Every structure is written in structure tokens, then in C-alpha cells.
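Colleague: Sharing a structure with you now.
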Amino acid sequence: MEEFLPESCREQACMFRNEWLVTNGLGSFASSTESGANTRRYHGLLIASFNPPVERRLMVSKVDDTLVIDNTRVNLASNLKNKELEDSGYKFLLSFRYKPYPVYVYSYKSFLIKKSIFMVPGKNITVVHYHILDGDFPALLELTPVLNSRDFHGETILSRPEQDQKTRGKSYKINSYDKNFKSISFDLNNYPLYMLWDKGYFKIKESFYKNMYYPFEAYRGLGDREDHYLPGKLIVDLEETCQFTIVFSTERVEKINYKKWKNQYMDKQQSLLQNYPKKRNTFIDQLIKSADHFIAYRRSTGKKTILAGFPWFTDWGRDTMISLPGLTLATGRYKEAREILTTFALNIKRGLLPNVFDDYSGEAAQYNTVDAALWFFYAIYKYYKYTRDKDFIKKIIPGLKEIIEYHIQGTDYDIKVDNEDGLLCAGNPSTQLTWMDVKVEDWVVTPRHGKAVEINALWYNALKIYNYLSSILNREPEFMDIIDKIEVNYEKKFWYNKGKYLYDVIDGNRKDKSLRPNQIFSVSLPFSLLPDNKEKMVVKKVMEELYVPLGLRSLNPSHSEYKGKYSGKRLERDGAYHQGTVWGWLIGPFFEAYLKVNKFSPQAKKNVQEMMKPFYDHIKEYGLGSISEIFDGNYPHIPRGCFAQAWSVAEILRIYTEYLI
């Protein structure tokens with residue numbers, strides 16, 4: 001991203017690259033950078049979900065601050081405009097910290113001004129609190145709210161004809177202004193916004209901020225300019241107050257309850273840490289807090305779900321099942337784990353789990369995934385291992401049997417068991433059903449139709465887990481004929497003897513010998529299909545050619561189609577997504593497999609602890625306090641994609657909790 005920053009601020013690139021995140025448990029969030037400049041379209045002080053956890057809209061972009069002393073105006077804001085540095089308030093930034101929420105401290109002459117930002121749990125309310133720590137009065141602070149109202153994936157460009165028409169109408173309208181109550185209500189593209197303050201007065205002067213520049217979007221090859229609505233400014237006399245608060249909300253708020261809301265936020269943070277069942281350190285504390293960002297209420301089911309990543313993903317079936325053990329079970333949040341499993345159980349269709357829920361309606365929209373339902377078995381197995389909740393197993397096991405039966409008889413997307421060898425086939429040349437799922441129009445970037453290596457490891461584990469859970473309920477085992485066939489055929493058909501590793505996909509006479517990380521699941525999953533010596537060969541090969549300090553490459557560098565850098569326009573990025581790009585979440589199964597082939601020895605655990613140390617540094621950059629979705633395959637493995645990814649965080653938490661304490 002640095003190459004897209006204005007040259008004048010590249011020396012401080014980390015301040016414009018490192019991002020913070022605050023959430024409210026509804027899918028809503030606030031996010032920006034250490035500098036205070038918004039550098040991507042997903043940055044804002046209030047990105048509100050109007051149908052939790054979806055239908056998210058950017059309502060408040062930021063609040064820009066100007067210190068006025070006599071006739072001197074000192075702009076504390078940081079903004080990029082037209083690919084140039086417009087406002088350089090970051091130069092007055094004395095410190096920034098992200099504990100327990102974003103806190104900026106600005107220094108100018110004798111003035112020290114602290115600005116804190118948090119959201120109220122369970123409410124679409126963002127609180128911006130100012131504390132004047134020191135200063136040579138008299139002085140004023142002018143605060144300009146920068147507003148919008150658009151889909152959080154989109155952009156507002158007023159020069160477009162359709163935008164011009166909206167603006168000439170009543171897209172941005174002040175509904176009411178109560179000087180005594182110190183509040184303004186807005187109608188922004190037919191969505192409500194309320195702004196309250198407890199000190200100062202608001203001076204209405206409507207205008208627009210045009211051409212705010214987003215270098216992250218330039219890097220992604222997307223629209224990188226945005227226009228915002230400026231309703232006026234709040235003017236606060238600093239001689240009369242040392243603390244004051246501004247509140248933005250999508251619902252009417254009767255009064256500002258700063259202390260109460262702050263306590264609610266702090267109490268939740270503390271309860272998350274206290275709920276963790278094992279010994280903690282500062283690294284794990286941060287990941288426990290990060291894990292909470294992804295757990296959100298889903299209105300359509302009235303239960304919790306897991307958002308795959310910030311700033312743009314909703315809840316995906318596969319990601320949820322992989323993330324659930326680390327985000328909820330490892331952190332002691334068993335009730336929420338059960339709710340999440342129930343959310344997806346309610347949406348099973350023809351033996352499949354939803355691949356993704358719709359961004360707007362919140363309903364299950366697509367079922368084009370072969371592995372979400374199989375990971376469902378794994379998540380339930382983990383849930384039982386942690387909780388011993390037999391009542392839930394009794395309720396869920398009929399649904400598990402139905403999933404298996406649909407896979408045997410055949411279901412959507414050509415998903416069906418091969419009766420000859422017991423292995424699971426899925427898809428055709430035009431579909432993408434595994435986690436390597438990129439398809440651009442008619443281009444299937446990573447063709448994996450047929451019998452994929454990890455899908456069949458998961459299929460075998462689903463059958464074994466079903467029988468394990470049945471035994472808990474004193475039921476006889478089922479599907480033994482298929483289990484026997486898989487045990488006979490898996491190693492025989494997938495083992496690539498020349499390379500000493502597993503084929504990635506087999507489909508008739510086609511055997512894909514691409515060296516990919518998917519084979520690691522043959523070792524890491526609870527029920528293995530390989531003899532010890534071949535498990536060691538798999539782990540050795542993966543470690544030698546795919547392992548990097550923050551994850552596993554999706555393809556080995558010597559492959560002709562390897563892409564070592566994830567950047568450019570969508571076509572270029574999608575072409576690299578699973579063709580060499582490093583995935584953080586794969587570090588979990590790799591660590592587990594490494595421990596397993598080394599018999600979970602004390603030395604192996606020490607080695608994993610050492611290999612985990614790069615993550616201690618990583619949470620201090622890019623997505624502060626969290627773990628990124630992906631990284632470049634080539635050194636220095638720059639973080640890319642979502643700056644906070646659920647399964648990346650989850651797998652580190654799971655491995656640490658289950659094996660390293």
C-alpha cells in the first residue's frame with residue numbers, strides 16, 4: 001500500500017497502514033488508522049448494521065479537530081485528498097494507543113488533548129470523548145463531523161449524475177436541531193443519524209468534503225476517491241471545560257451516559273479475559289479481545305454467529321465452523337458456541353450448510369460449498385470435547401445423519417460418494433466448492449473438482465465423528481462399509497510416491513500433483529488415514545516448501561503458476577489468492593500436525609512456541625491486536641486482505657489453549 005501514499009508521508013507509512021477496530025456485537029464497527037486518516041472505504045467512526053449483522057452502512061466517516069488559539073488555527077486532523085496530503089495533524093500526535101480502545105493524544109505548545117473512541121456494546125452508538133489534559137487558555141476546539149450514508153462496500157462520488165440528483169434532492173437533510181438538548185437529527189439517504197454533545201454549540205454550515213483519497217483502494221485497483229457531507233461544526237470553549245463527549249447513533253438517545261457506557265465497554269472486556277479458562281499472557285489477552293470482534297448477533301435466527309473478517313466479510317459457513325473452536329471454546333464461551341452451531345443447523349438444506357449469508361437480507365443465500373457441512377461435524381466434535389453437552393448431541397445428531405445420507409445419495413453441485421472407493425466427489429469444471437474458491441466470471445482459478453484431498457479427510461472424519469457421538473448416546477455404529485472403503489483407498493489413491501506427499505485432487509485419470517497445504521489436514525484432523533511414516537513425510541514437505549513465519553503458502557514457489565505477491569486489480573489479486581499467497585489460518589493445522597508427528601513432546605511444544613513468536617510482533621502492525629487474513633508468498637510476507645480475520649485469530653488461540661499451556 002505504501003507505494004500509493006503521497007510521497008510526503010511515506011516516511012510515516014506505518015501510521016497510515018496500521019489500523020484499529022472497535023465493534024459492538026451487532027456487525028457494526030468503527031475503524032481507522034494510527035494517523036487518524038481514513039485510508040480505505042471501510043474506515044469510519046460508525047459503520048452501522050441496520051439488519052444485524054448485515055445491511056451495513058457508513059454513516060459517520062470521522063470527526064476532524066481544529067485547535068484555535070487567538071488567531072492561530074492548528075489542524076489536528078489527518079486527511080489525504082486527490083493523492084496528496086491535505087491535513088497533517090498526525091505531526092502533532094504525541095502518542096497513540098489501542099488499549100483498551102483507540103486513544104489519540106495531541107500536543108501543541110502547552111496543550112495536551114486526548115481523544116478516545118469506543119462503541120457501546122449491543123448498540124449502534126459510537127462515543128468520542130475529549131479530555132483536555134493541559135493548556136494555556138483561552139482556546140477553542142472546532143469539531144467537524146464528516147458524514148455519509150452509503151453501503152459500506154460502496155463509495156459516494158457527487159460528480160456522478162445519479163449522485164448529483166440525490167444531492168439536489170434531500171439525500172442529506174437536517175431533520176431537527178435542538179440547541180438546549182444539544183442534539184441534531186439527520187436523514188441521510190433515508191437512514192437516520194443522531195448526533196449529541198454535552199459541551200459547546202453547533203454552528204450549521206452545510207458543505208461537502210470532496211475527493212478524500214483512499215490509498216488502500218488504489219492498491220486494490222478500486223475507486224479511491226470519496227465525497228462526504230459536512231453539516232457544520234461543533235465549537236467548544238476549552239476555558240470552560242476540560243472534558244466533553246460527542247455521540248453518534250442510529251437510534252434516538254435521550255442523554256449522554258459517558259461513564260455508564262464506558263463502564264459497559266470495560267466490563268465486557270474484563271469479562272472476556274476472566275472467562276478464559278487457562279493461564280493468560282498479554283499476547284493471549286489481546287487475541288481474546290480480538291476474538292470478540294467476530295462474534296455477532298444475527299437477527300434472522302435470534303442467535304449468535306461468526307463474521308469471517310473485518311472490514312468486509314459477513315458470516316460464512318466454512319469460516320464459522322473452522323473458527324468456532326478457537327473463538328468460543330478455547331475462550332470459555334460455550335453458550336455462544338452452542339448458539340452459533342444452532343444458527344447454522346437451522347439453515348441446513350439438502351445436506352449442505354450455507355456458504356454465505358446475504359449481505360443485505362441476512363438470509364442464507366448460497367450453498368455452493370462442499371466442506372462447510374463437513375467442518376460442521378468437526379466443530380460439534382470439538383464442542384462436545386470441551387463441554388460434554390450430551391443434550392445438544394441428542395438434538396443435533398439427526399441433522400448430522402441427514403447430512404451424511406445426502407452426501408451418499410448425492411446432493412447439489414455434483415456432490416456424491418463414489419460407491420466404488422467410498423471417496424467423496426464434488427463439483428465440475430465450472431464450480432469452486434472448496435476453500436480455494438475463486439472464480440472470476442468463467443475462469444476457475446484453482447480447479448479442484450473431483451476428489452480433493454482435504455475434502456476426503458474431512459469426509460472420513462465426519463463419518464468417524466458421527467459414530468463417536470453415536471457411541472456416547474449408546475447407539476450402534478453406522479456407515480461402516482463406507483468407512484472401510486475410505487481406509488483402504490485413501491492412501492492408495494492420494495499418495496504421490498515420487499514426491500513423497502499427497503496429490504491435491506484426483507479426478508478419474510487426472511491426478512494433480514501441485515504441492516498445496518490441503519494435505520496437512522490428513523494429519524491434523526482427529527481421525528487420521530495415513531501411517532506414521534507418511535504423516536511425517538507430509539509434515540516435512542509442507543514445512544520445507546510451504547511454511548513461512550505467519551502461515552502456509554497456498555502453492556509451492558517452484559510451481560509454474562506460483563504468484564508471490566498479492567496486489568493489483570481484482571483479476572490480478574484473485575489470480576494470486578490461492579496460487580502462492582500465504583494464509584494465516586493454516587498455521588493452526590500445521591502446528592497441530594507438527595506436534596502430532598513429534599508425539600507432542602516437550603521439545604516439539606517448545607518449537608511451536610518459538611514458531612508462534614512472529615505473531616507476537618504481527619499483532620502490533622496492520623490490524624492492531626489481530627491477525628491478518630493473508631500475506632504475500634514472497635519475503636517479507638507483507639500482510640494483505642482483511643486486517644482482522646476470524647480463523648487466523650481462532651487457530652492461534654486454539655493451538656495455544658489446547659497444547660501450549
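Colleague: Is it fair to say residue 601 is surrounded by 24 or more Cβ atoms within 10 Å (Cβ to Cβ) and of a type in the set (S, T, N, Q)?
Modeller: On the way: surrounded by 24 or more Cβ atoms within 10 Å (Cβ to Cβ): no; of a type in the set (S, T, N, Q): yes.
No; evaluated as a whole, the condition is false for this residue.
Colleague: Counting only residues that are assigned to a helix (DSSP H, G or I) and within 14 Å of residue 343 (Cα to Cα), how many does the stretch 358-391 have?
Modeller: Applying the first criterion (assigned to a helix (DSSP H, G or I)) to the stretch 358-391 yields 372-387, 390-391.
From what's left, within 14 Å of residue 343 (Cα to Cα): 372-373, 376, 379-380.
The number of residues fulfilling the criteria is 5.
Colleague: Looking at 516, 510, can you tell me which residue is modelled with pLDDT under 95 and not hydroxyl-bearing (Ser, Thr, Tyr)? Reasoning before the result, please.
Modeller: Details: 516 fails: modelled with pLDDT under 95.
Sole residue among the options that is modelled with pLDDT under 95 and not hydroxyl-bearing (Ser, Thr, Tyr): 510.
Colleague: Only one of these is modelled with pLDDT of 95 or more and touching a Gly at 6+ places or on another chain (Cβ under 6 Å): 235, 256. Name it.
Modeller: On inspection, the qualifying residue turns out to be 235.
Colleague: Can you tell me how many residues within the stretch 221-271 are closer than 14 Å to residue 183 by Cβ, out of contact with any Leu (no Cβ under 8 Å at 6 or more places or on another chain) and among the small types (Gly, Ala, Ser)?
Modeller: Counting residues in the stretch 221-271 that are closer than 14 Å to residue 183 by Cβ, out of contact with any Leu (no Cβ under 8 Å at 6 or more places or on another chain) and among the small types (Gly, Ala, Ser) gives 1.
Colleague: Quick test for you: out of 25, 36, pick the one residue that is in contact with a Gly (Cβ under 8 Å, 6 or more places away or on another chain), touching a residue at least 12 places away in the same chain (Cβ under 8 Å) and more than 20 Å from residue 289 (Cβ to Cβ).
Modeller: Every option except 36 fails the conditions.
Colleague: Taking into account only those residues within the stretch 89-122 that are among the aliphatic types (A, V, I, L, M) and under 16 Å from residue 262 (Cβ atoms), which is surrounded by the most Cβ atoms within 10 Å (Cβ to Cβ)?
Modeller: Within the stretch 89-122, the match that is surrounded by the most Cβ atoms within 10 Å (Cβ to Cβ) is 119.
Colleague: Output yes when any residue across the stretch 257-280 is within 17 Å of residue 626 (Cβ to Cβ) and crowded, with 20+ Cβ neighbours inside 10 Å, and no when none is.
Modeller: No: zero hits.
Colleague: Would you point out which residue out of 403, 415, 408 is in the same structural domain as residue 509 (by TED's automatic domain parsing) and either over 30 Å from the mean Cα position of the chain (by Cα) or modelled with pLDDT under 95 (or both)?
Modeller: So the residue among 403, 415, 408 that is in the same structural domain as residue 509 (by TED's automatic domain parsing) and either over 30 Å from the mean Cα position of the chain (by Cα) or modelled with pLDDT under 95 (or both) is 408.
Colleague: OK, next. Give the number of residues within the stretch 392-424 that are in contact (Cβ under 8 Å) with a residue 60 or more places away in the chain, buried (at least 20 other Cβ atoms within 10 Å of the Cβ) and not in a helix (DSSP H, G or I).
Modeller: Here the count works out to 5.
Colleague: Sticking with this structure for a sec: Can you tell me how many residues within the stretch 1-48 are within 21 Å of residue 308 (Cα to Cα) and either aromatic (Phe, Trp, Tyr) or assigned by TED's automatic domain parsing to the domain that holds residue 638 (or both)?
Modeller: Qualifying residue count, the stretch 1-48: 3.
Colleague: If you scan the stretch 1-40, which residues turn out to be in contact with a Phe, Trp or Tyr (Cβ under 7 Å, 6 or more places away or on another chain), modelled with pLDDT under 95 and in a loop (DSSP other than H, G, I, E, B)?
Modeller: 1, 5, listed by residue number.
Colleague: Can you go through 361, 323 and tell me which one is surrounded by fewer than 23 Cβ atoms within 10 Å (Cβ to Cβ), of a type in the set (S, T, N, Q) and within 21 Å of the chain's Cα centre (by Cα)?
Modeller: 361
Colleague: Just for the stretch 524-548: of the residues that are of a type in the set (Ser, Thr, Tyr) and under 20 Å from residue 462 (Cα atoms), which one is farthest from the chain's Cα centre (by Cα)?
Modeller: Applying the filter and picking the extreme gives 528.
Colleague: If you don't mind, another one. Does the stretch 559-568 contain any residue that is closer than 23 Å to residue 31 by Cβ and surrounded by fewer than 18 Cβ atoms within 10 Å (Cβ to Cβ)?
Modeller: Just the residues of the stretch 559-568 that are closer than 23 Å to residue 31 by Cβ, to begin with: 566-567.
From what is left, the residues that are surrounded by fewer than 18 Cβ atoms within 10 Å (Cβ to Cβ) are 567.
Yes, the conditions are met somewhere in the stretch 559-568.
Colleague: Hey, can you tell me all the residues within the stretch 319-348 that are outside any helix (DSSP H, G or I) and at pLDDT 95 or above?
Modeller: Filtering the stretch 319-348 down to residues outside any helix (DSSP H, G or I) leaves 330-333, 346-348.
Within the stretch 319-348, 330, 331, 332, 333 qualify.
Colleague: Among the residues of the stretch 456-472, is any at pLDDT 95 or above, touching a strand residue (DSSP E or B) at 6+ places or on another chain (Cβ under 6 Å) and either more than 22 Å from residue 560 (Cα to Cα) or of a type in the set (D, E, K, R) (or both)?
Modeller: Yes: one or more hits.
Colleague: Right, next: Of all strands (runs of 3 or more DSSP E) completely enclosed by the stretch 79-172, which ones contain at least 2 residues that are modelled with pLDDT of 95 or more and in the same structural domain as residue 197 (by TED's automatic domain parsing)?
Modeller: 93-98, 102-108, 111-119, 125-134, 140-151
Colleague: Quick one: count up the residues across the stretch 435-472 that are farther than 21 Å from residue 495 by Cα, in contact with a Pro (Cβ under 9 Å, 6 or more places away or on another chain) and touching a residue at least 12 places away in the same chain (Cβ under 8 Å).
Modeller: Of the residues in that region, 7 qualify.
Colleague: All but one of (1) on the phi > 0 side of the Ramachandran plot; (2) touching a Lys or Arg at 6+ places or on another chain (Cβ under 6 Å) hold for residue 568, so report the exception by its number.
Modeller: Single failed check for residue 568: (2).
Conditions tested, residue by residue: (1) buried (at least 21 other Cβ atoms within 10 Å of the Cβ); (2) under 15 Å from residue 499 (Cβ atoms).
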{"position": "513", "(1), (2)": "no, yes"}
{"position": "516", "(1), (2)": "yes, yes"}
{"position": "525", "(1), (2)": "yes, no"}
{"position": "528", "(1), (2)": "no, no"}
{"position": "536", "(1), (2)": "no, yes"}
{"position": "539", "(1), (2)": "yes, yes"}
{"position": "542", "(1), (2)": "yes, yes"}
{"position": "555", "(1), (2)": "yes, yes"}
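Colleague: Still on this model: Considering only the stretch 219-301, give the strands (runs of 3 or more DSSP E) lying wholly within it that have at least 2 residues that are of a type in the set (S, T, N, Q).
Modeller: 243-249
Colleague: Based on this model, can you work out whether residue 520 counts as surrounded by 14 or more Cβ atoms within 10 Å (Cβ to Cβ) and farther than 12 Å from residue 596 by Cα? Walk me through it before giving the result.
Modeller: Working: surrounded by 14 or more Cβ atoms within 10 Å (Cβ to Cβ): yes; farther than 12 Å from residue 596 by Cα: no.
Answer is no for this residue.
The values are calculated or read from the model by the stated rules, or taken from the named source; none is laboratory data. As the structure is a computational prediction, the values presented were derived from the model and not from experiment. When we count neighbours, we look across all protein chains shown, and the Cβ atoms used for this are built from the backbone with ideal geometry, even at glycine.
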